[in-house]
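> Take a look at this one; I'll ask things after.
The values are calculated or read from the model by the stated rules, or taken from the named source; none is laboratory data. These figures come from a predicted structure and were not determined experimentally. Here Cβ is always computed from backbone atoms with ideal geometry, including for glycine, and neighbour counts include all displayed protein chains. With ligands, DNA and RNA removed, areas are computed over all heavy atoms of the protein, side chains included. Shrake-Rupley method; radii C 1.70, N 1.55, O 1.52, S 1.80 Å.
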Amino acid sequence: MTMQNVAIAPFEGQKPGTSGLRKKVSVFRQPGYLEAFVQAVFDTQAALQGGTLVLGGDGRFYNREAIAIILRMAAASGVARVLVGRGGILSTPAASAVIRRHGAQGGLVLSASHNPGGPDGDFGIKFNIANGGPAPEAVTEAIYARTQVIDGYRIAGAAAIDLDHAGRQHVGAMAVDVIDPVDDYAALLETLFDFDAIAALLKRPDFRFRFDAMHAVTGPYARRLLVDRLGAPAASVVNAVPLEDFGGGHPDPNPVYAKDLYDAAMAGSLDFAAASDGDGDRNMILGAGIAVGPSDSLAVLAANAALAPGYAKGIAGIARSMPTSRAADAVAAQLGLPCFETPTGWKFFGSLLDAGRITLCGEESYGTSSDHVREKDGLWAVLFWLNILARQPGLTVRDILRRHWARFGRHYYSRHDYEAVDAGQAKTALDALRAALPALPGRRIAGLAVTEADDFAYRDPVDGSESRGQGLRVIFGSQARLVARLSGTGTEGATVRLYFELFEDDPARQDDDVQARLQPLFDAAETLTGLRRITGRSGPDVVT
Ligand code: VG1
Ligand code: CO
């Protein structure tokens with residue numbers, strides 16, 4: 001097999017964001033663009049030479065082409081073996097499970113997650129390390145530094161690899177094992193949950209259940225686990241065929257983009273409904289007439305962990321990303337568990353999970369998971385909720401939430417996204433808040449006393465690494481918080497995220513309209529940032 005060296009000049013902006021490198025498909029398709037980033041990974045990750053790489057993606061447009069290029073490059077860089085999902089498919093949590101189970105040295109996951117796909121949509125690539133988790137900042141920094149000086153890439157001559165049948169093939173000396181994308185993952189989940197109880201629940205004719213795969217990667221996973229293994233009706237898993245453009249939709253499981261499912265649940269025509277995102281790591285959980293906020297979901301799972309066999313012995317601790325509500329902290333405090341607050345992005349949970357300091361972790365952005373993998377895991381959360389329901393016959397999703405709030409208090413919560421904002425305007429608004437921070441403690445805003453205000457910085461308690469500038473926080477004791485940060489996953493202009501949280505411990509006041517309760521905080525955010533005034537917008541694009 002011939003190996004070729006191709007000269008290239010560095011591309012600007014190949015800096016991984018919150019979760020890998022995400023750009024428009026048109027950017028990725030420039031000659032040498034994908035190659036430059038992939039070569040930077042091989043150049044900086046010495047363990048891959050002679051090692052095993054896991055490769056797969058969410059099936060979006062350009063997935064197969066990218067896989068073909070990466071396979072030829074891996075062969076030229078001396079990778080000994082690649083495990084690739086059949087059809088080029090691996091969900092993010094499944095890739096994590098495969099890396100761990102097969103002792104691979106790393107993985108490349110091709111996805112722009114919840115961002116739209118298709119020729120005019122987004123593509124993405126992220127490197128996961130040997131623990132199965134997203135590369136920590138030190139690794140992404142090294143990869144980025146390499147992209148800035150790279151002058152060429154190595155690639156093997158054209159190789160016809162059949163991605164559609166399991167089995168071994170070769171590119172030069174490198175073995176390519178096409179594997180079933182679901183097997184390892186399904187086997188792992190089976191060890192964590194009470195499948196018998198869940199199967200009994202799903203077969204009950206009065207239990208109206210629906211899972212929406214949003215034409216993204218979870219379709220085959222949901223069919224195998226929920227329908228084939230657990231006996232849910234085939235029709236209960238909808239939009240289950242992964243499409244290159246996700247059917248033109250936005251594969252983001254939230255009330256805006258999973259509207260049909262959301263409306264059906266809110267109308268009370270489903271007892272349990274759930275959806276996942278492009279790469280299968282997010283989850284939205286709904287009951288009849290009620291949506292479970294992702295921050296609440298983490299807290300409920302933590303409080304009920306003993307009901308799932310995989311966690312029956314107890315959990316070591318909980319972590320949440322900074323903007324995620326403090327509902328999990330309330331559970332940790334009552335149960336006497338350690339609780340950690342990390343910057344946004346799953347990569348910050350890895351060291352805590354590896355060190356055994358935490359068992360469960362989550363983010364407000366519809367992400368929850370545990371130490372079974374090193375990524376967030378959409379179907380895991382769905383099965384966990386089903387397990388909790390199945391083990392408490394007669395309780396609805398609403399009952400479980402109400403009881404939870406009565407015991408731990410409720411953290412009213414909402415996130416407001418202003419998408420595709422002019423980058424300069426976004427900066428002006430956030431700079432205004434940043435400048436105001438030092439003078440805020442001691443002041444009263446929205447009828448509440450500010451106790452702290454800062455730009456969140458994090459020191460990893462395990463490895464001591466530091467991350468600064470992770471989001472602006474205005475804290476009103478244990479009563480409320482207001483957080484503002486810029487998205488690190490968008491591909492168009494800037495996306496400003498505002499997060500609002502208000503604590504209520506009176507059960508008589510725990511069923512109010514969320515947006516109405518938070519309105520004073522919305523007004524405070526506008527006073528402090530001037531975001532609407534500066535952008536000329538009347539409100540957020542997405543409210544979750
Ligand atoms: C967003 C979420 C963050 C999540 C990240 C990746 O990042 O806020 O919590 O970890 O997406 O999720 P940002 O920087 O845009 O706020 V996924 O499912 O898109 O890989
Ligand atoms: Co995702």
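> If I model a spin label at residue 164 and residue 459 as a point 7 Å from the Cα along the Cα→Cβ vector, what separation in nanometres do I get?
Roughly 5.7 nm, to one decimal.
> Compute the distance from the alpha-carbon center of the stretch 146-203 to that of the stretch 14-48, in whole Å.
Going from one Cα centre to the other spans 19 Å.
> Give 15/259; 259/427; 15/376; 313/376 a once-over and call out the pairs whose C-alpha atoms are over 27 Å from each other. Let's see the in-between values first.
Working: 15/259 33 Å; 259/427 31 Å; 15/376 22 Å; 313/376 22 Å.
Result: 15/259; 259/427 exceed 27 Å.
> Where nothing but the Cβ of Lys and Arg (+1) and of Asp and Glu (-1) is charged, how large is the charge dipole of the stretch 1-67 around its Cα centre, in debye to the nearest 20?
Magnitude of the dipole: close to 280 debye.
> Amide H to amide H under 5 Å from residue 82: which residues, 5+ apart in sequence or cross-chain, H placed 1.01 Å off N in plane?
Sorted by chain and number, the residues that satisfy this are 53, 175, 176, 177.
> Per residue of the stretch 434-444, in order, report the coupling 6.51 cos²θ - 1.76 cosθ + 1.60 (Karplus, θ = phi - 60°) as ³J(HN,Hα) in whole Hz, putting x for Gly and Pro.
Listing the rounded values in order: 4, 5, 7, 3, x, 8, 6, x, x, 7, 9 Hz.
> Now, a different point. With labels modelled as points extended 7 Å from the Cα through the Cβ direction, what inter-label distance (nm, one decimal) is found for residue 533 paired with residue 334?
With each label placed 7 Å out from Cα toward Cβ, I get 4.2 nm.
> A further question follows. Evaluate E = 1/(1 + (r/R0)^6) for residue 235 and residue 406, where r is the Cβ-Cβ distance and R0 equals 35 Å; express this FRET efficiency to the nearest 0.05.
Computed FRET efficiency for residue 235 and residue 406: 0.45.
> Could you tell me the center-to-center distance, by alpha carbons, between the stretch 222-292 and the stretch 492-544 in angstrom?
Between the Cα centres of the stretch 222-292 and the stretch 492-544 lies a distance of 26 Å.
> Quick one: 3J(HN,Hα) in Hz for the stretch 372-382, Karplus 6.51/-1.76/1.60 with θ = phi - 60°, rounded, Gly and Pro as x.
Ordered by residue, 3J(HN,Hα) equals 6, 9, 10, 9, 6, 9, x, 5, 4, 5, 4 Hz.
> Loop sites only, by DSSP: take the GluC sites (Glu not before Pro) in the chain that have at most 14 other C-beta atoms within 10 Å and name the longest stretch containing none of them.
Details: sites that count: 12, 492.
The longest such stretch corresponds to 13-491.
> Please compute the Cα-Cα pair-distance distribution of the stretch 403-499 with 10 Å bins starting at 0, giving whole percents from short to long.
14, 37, 34, 15, 1
> Students often check this: by mean Cβ neighbours within 10 Å, which of 310-322, 148-160 ranks highest, and how do the rest follow?
The packing order, highest mean first, is 310-322, 148-160.
> Residue 140: accessible area at probe 1.4 Å, nearest 10 Å²?
About 20 Å², rounded to the nearest 10.
> So, one more: What's the magnitude of the charge dipole for the chain around its Cα centre, counting Lys and Arg as +1 and Asp and Glu as -1 at the beta-carbon? Answer in Debye, nearest 20. All intermediate terms of the calculation are to be shown ahead of the outcome.
Values: 54 positive and 62 negative charges, 77 e Å.
With only Lys, Arg, Asp and Glu charged at Cβ, the dipole is about 360 debye.
> Which residue, chosen from 205, 236, 247, occupies the Cα position most advanced towards the positive end of the dipole of the stretch 199-249, where the dipole is computed from +1 (Lys, Arg) and -1 (Asp, Glu) charges on Cβ about the Cα centre?
205
> Just flag the trypsin sites (Lys or Arg not before Pro) in the stretch 427-510 sitting in loop per DSSP whose Cβ has no more than 10 other Cβ atoms within 10 Å.
Those satisfying the criteria are 468.
> Using the Cβ atoms and a cut-off under 14 Å, what net charge is assigned to the surroundings of residue 152, where Lys and Arg are +1 and Asp and Glu are -1?
On the way: positive: 146, 154; negative: 35, 43, 151.
Overall, the nearby charge balance is -1.
> What are the ³J(HN,Hα) couplings of the stretch 69-76, residue after residue, when phi is run through the Karplus curve with 6.51, -1.76, 1.60 and θ = phi - 60°? Round to Hz, x for glycine and proline.
Those phi angles translate into 5, 5, 4, 5, 6, 4, 4, 6 Hz.
> Sum -39500 (n - 2.57) across every DSSP H segment of at least 4 residues in the chain, then divide by the residue count to get the 222 nm mean residue ellipticity, nearest 500.
-9000 deg cm²/dmol
> Taking 0.36 nm per residue of separation and subtracting the Cα-Cα distance, what length does fully extending residue 312 through residue 452 add?
Extra length from residue 312 to residue 452 when fully extended: 46.7 nm.
> Moving on to the next point. Quick check on the chain: of the DSSP beta bridges with both residues there, what percent are antiparallel, nearest 5%?
70 percent
> Can you compute the modelled spin-label distance between residue 2 and residue 432, with each label point 7 Å from Cα toward Cβ, in nm?
Taking the two extended label points, one gets 6.1 nm.
> Right, another one. Cut-off 15 Å, label point 7 angstrom out along Cα-to-Cβ of residue 422: give me the residues of the stretch 474-500 whose amide nitrogen falls inside.
So the set is 493-495.
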